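Visitor: I have a structure I would like to understand better, so I am pasting it below and will then ask my questions one at a time.
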Amino acid sequence: MKQYIITILCLLCGLFARSQSALTPEQAGSIYYAYPAPSGVSTPVPAGYEAFYISHYGRHGSRWMTADERYTEVVSVFDSLYQCSELTPLGIDVRERLHKVWEDARGCSGSITPLGERQHREIAERMYHSFPQVFRGDAHIDARSSTSLRCAMSMSYFTERLKELNPALHIDRRAYHRYMDYIAYTSPEGEKFASEKAPWRRGFREFEKKNVRPERLMASLFVNPAVITNQDAMMRSLYWIAADMQNVELNLSLYDIFEYEELIGVWKTVNARMYVCNAAAPLNGGLMPRCAVPLLRNILESADAAIKKGTPAADLRFGHDTHLIRLLALMQIEGCGNQETDMEKFHLAWQDYRVSPMGANLQLVFYRNGKNDVLVKFLLNENEVTLPIKSGKVPYYSWEEAKAFLGKQVE
């Protein structure tokens, strides 16, 4: 009897652990995961120090999918089969939902949604209230954006909120091509490595075949599933539409058409691709994180200039998920530089939704005391994170020591 009770307790503990670690359907949306609320935990600032400068890189906020075709190609398949009575009852229902999705997205593809606007306004407001010393008086705010409209609009919403909170702020906003060399840089070698013809893709395609299993889904939607010649592609298309629903204002979901394990299977392939093409996966040999060297160099040089000037200021940069992921891997920010060689375990070592959801951001907050000693704290998505260097004041680091470590990544 005692052994029986122990066995039951072990099973219950195992189930509880799995339930706690399981992804939500929204998290399984990969880089389409809408920005989560930060934990709100803040370690007290060491005595005698005060914030005076912030260096930031932020991904654009929630958006519609990037092209009309990502909606219309799926809708057209459902419409054609509907005319031939080739949709199941669920397929007919999904077709009606897809039309609502497309009507909402029409003319908006690639643009930031109202939710994305709120995300950046709220991040800006929390930054302002968390570090009021940085934004006092006529502090200078230098804002730079990718030339992508959704990034420029994110910059606009963010800085507009700061200006509302303190009209005296001096804010420069720019979205010139000249800044793309560091805000959104990919080396020619990186472009080649990430291409569909890269040698590593062969093994990756086998991994995709193992994890993307469309048969049940196709049979639930189409009377004769064989009419869908590329069922994997159709499943992925529906997956992305379902994932993006958390970023728009529609009271509509498509998660019910998937089984949980089907969602996780697709997510594992997306996560693996993001890990290899952007993060610290040994498969890329450090090539992809090094695409962020110009960005990290700009961060280091801008920080030194701000420290030398000494007045309250902030450098705000607005770009894209891939470039933020590469920067975090290059800097070896906690949880972002993990290395794993087994593709089956990539999802255990690194998770795209955690690193770069919609609206993701890295903040370096600088503090100084009366002796002009400078400390820095790192925030990923507004939560404290660490560097792999020693500090007696974690999560606060001596800027000279942090700069020496980060400088080695630039060399």
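The values are calculated or read from the model by the stated rules, or taken from the named source; none is laboratory data. All of these numbers come straight from a predicted model, not from anything done at the bench. When we count neighbours, we look across all protein chains shown, and the Cβ atoms used for this are built from the backbone with ideal geometry, even at glycine. When the accessible area is computed, the model is the full protein with side chains, heavy atoms only, and any ligands, DNA or RNA have been set aside. Shrake-Rupley method; radii C 1.70, N 1.55, O 1.52, S 1.80 Å.
Visitor: Limited to the range 81-91, what total is found for residues that are farther than 21 Å from residue 103 by Cα, of a type in the set (S, T, N, Q) and exposed (fewer than 14 other Cβ atoms within 10 Å of the Cβ)?
Guide: So the answer is 1.
Visitor: Okay, moving on. List the helices (runs of 4 or more DSSP H) that sit entirely inside the range 285-365 and contain at least 1 residues that are surrounded by fewer than 22 Cβ atoms within 10 Å (Cβ to Cβ) and of a type in the set (D, E, K, R).
Guide: Output list reads 293-309, 321-331, 352-355.
Visitor: On to the next question. Would you be able to tell me the number of residues in the range 226-267 that are small (Gly, Ala, Ser) and in contact (Cβ under 8 Å) with a residue 40 or more places away in the chain?
Guide: 4
Visitor: Here is a follow-up. Residues of the range 220-249 being assigned to a loop (DSSP other than H, G, I, E, B), in contact with a helix residue (DSSP H, G or I) (Cβ under 7 Å, 6 or more places away or on another chain) and at pLDDT 95 or above, which ones?
Guide: Scanning the range 220-249 gives 228, 248.
Visitor: Kindly indicate whether any position in the range 251-259 is within 30 Å of residue 141 (Cβ to Cβ), in a helix (DSSP H, G or I), modelled with pLDDT of 95 or more and among the hydroxyl-bearing types (Ser, Thr, Tyr).
Guide: no
Visitor: Residue 409 - would you say it is of a type in the set (S, T, N, Q), surrounded by fewer than 23 Cβ atoms within 10 Å (Cβ to Cβ) and assigned to a helix (DSSP H, G or I)?
Guide: Taking the combined requirement at face value, the residue satisfies it.
Visitor: Could you list all residues from the range 22-80 that are surrounded by fewer than 19 Cβ atoms within 10 Å (Cβ to Cβ), of a type in the set (Gly, Ala, Ser) and out of contact with any strand residue (DSSP E or B) (no Cβ under 6 Å at 6 or more places or on another chain)?
Guide: Correct list: 22, 37, 40, 42, 47, 48, 67, 76, 80.
Visitor: It is to be established whether one or more residues within the range 29-41 are in contact with a Leu (Cβ under 6 Å, 6 or more places away or on another chain) and either farther than 30 Å from residue 393 by Cβ or at pLDDT 95 or above (or both).
Guide: no
Visitor: Within the set of pairs 6 or more residues apart or between chains, which connect a residue that is within 17 Å of residue 408 (Cβ to Cβ) inside the range 367-392 to a residue that is hydroxyl-bearing (Ser, Thr, Tyr) and assigned to a loop (DSSP other than H, G, I, E, B) with Cβ atoms less than 9 Å apart?
Guide: Within 9 Å, the pairs are 378/386.
Visitor: Quick one: residue 203 ticks every box in (1) open to solvent by less than 40 Å² (accessible area, probe 1.4 Å); (2) closer than 20 Å to residue 232 by Cα; (3) not charged (D, E, K, R) except a single one, so which number is it?
Guide: It is condition (1) that residue 203 fails.
Visitor: Continuing with the same structure: Could you list, in sequence order, all residues of the range 40-64 that are over 24 Å from the mean Cα position of the chain (by Cα) and in a loop (DSSP other than H, G, I, E, B)?
Guide: 43, 44, 45, 46, 47, 48, 49 - these are the residues of the range 40-64 that are over 24 Å from the mean Cα position of the chain (by Cα) and in a loop (DSSP other than H, G, I, E, B).
Visitor: Can you tell me which residues in the range 140-193 are open to solvent by 30 Å² or more (accessible area, probe 1.4 Å), more than 15 Å from residue 316 (Cβ to Cβ) and part of a helix (DSSP H, G or I)?
Guide: The answer is 149, 150, 164, 177, 178, 180, 181, 188, 189, 191, 192, 193.
Visitor: Pick from the range 371-392 the residues that are modelled with pLDDT of 95 or more and of a type in the set (D, E, K, R): which of them is most open to solvent (accessible area, probe 1.4 Å)?
Guide: The qualifying residue most open to solvent (accessible area, probe 1.4 Å) is 373.
Visitor: Follow-up question, since we're still on this one. Go through 273, 297 for me and flag whichever is under 30 Å from residue 169 (Cα atoms) and in contact (Cβ under 8 Å) with a residue 60 or more places away in the chain.
Guide: 297
Visitor: Right, another one. Condition test on residue 340, is it in contact with a strand residue (DSSP E or B) (Cβ under 8 Å, 6 or more places away or on another chain), farther than 24 Å from residue 153 by Cβ, acidic (Asp, Glu) and at pLDDT 95 or above?
Guide: So residue 340 does not fit the description; no.
Visitor: Can you find a residue in the range 89-111 that is part of a loop (DSSP other than H, G, I, E, B) and under 30 Å from residue 396 (Cβ atoms)?
Guide: No; the residues of the range 89-111 include none that is part of a loop (DSSP other than H, G, I, E, B) and under 30 Å from residue 396 (Cβ atoms).
Visitor: Here is a further query. For the range 206-224, which positions are farther than 21 Å from residue 260 by Cβ and surrounded by 13 or more Cβ atoms within 10 Å (Cβ to Cβ)?
Guide: Hits for the range 206-224 are 222, 223.
Visitor: Identify, by number, the condition in (1) part of a helix (DSSP H, G or I); (2) more than 17 Å from the chain's Cα centre (by Cα) that residue 275 doesn't meet.
Guide: (2)
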